[in-house]
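Only one structure is covered here, and it is reproduced in the block below.
Every read-out reported here was derived from the displayed coordinates using simple, explicitly stated rules and does not represent laboratory data. Computed from a prediction, not measured in an experiment: that's the story for all the values here.
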Amino acid sequence: MLITNFKRRIMSTLEKTIDLLNDLPKNQIETIYHFVQFLSAQQKMEQSIPSESLDDIFENIVGVIPDSGKTLEEYREERITKMPRCRF
């Protein structure tokens, strides 16, 4: 028992995980495998998403909507008058 504990302490995390997996039934191993696949896919997605600052995003959208010279209040009034009224 003492030797086994000593071995476990010096083993890598992967080796310890493999030992644990060897003790599990096949259906549980498949479940764990699918979970690890999911984690790997999530990590790849996070790495592929460029991290832009809020300033960069704002720079990209400025100019998308042409400036018609209206004030914020004029835009609000225009939006409110164009929206259909809901009748309950």
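At-a-glance table
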| read-out | value |
| --- | --- |
| Net lengthening on full extension, Glu77/Gln42 (0.36 nm per residue, minus Cα-Cα) | 8.3 nm |
| Candidate aspartates and glutamates for bridging to Lys16, where Cα separation is under 20 Å - those fewer than 8 sequence places away on the same chain excluded | Glu30 |
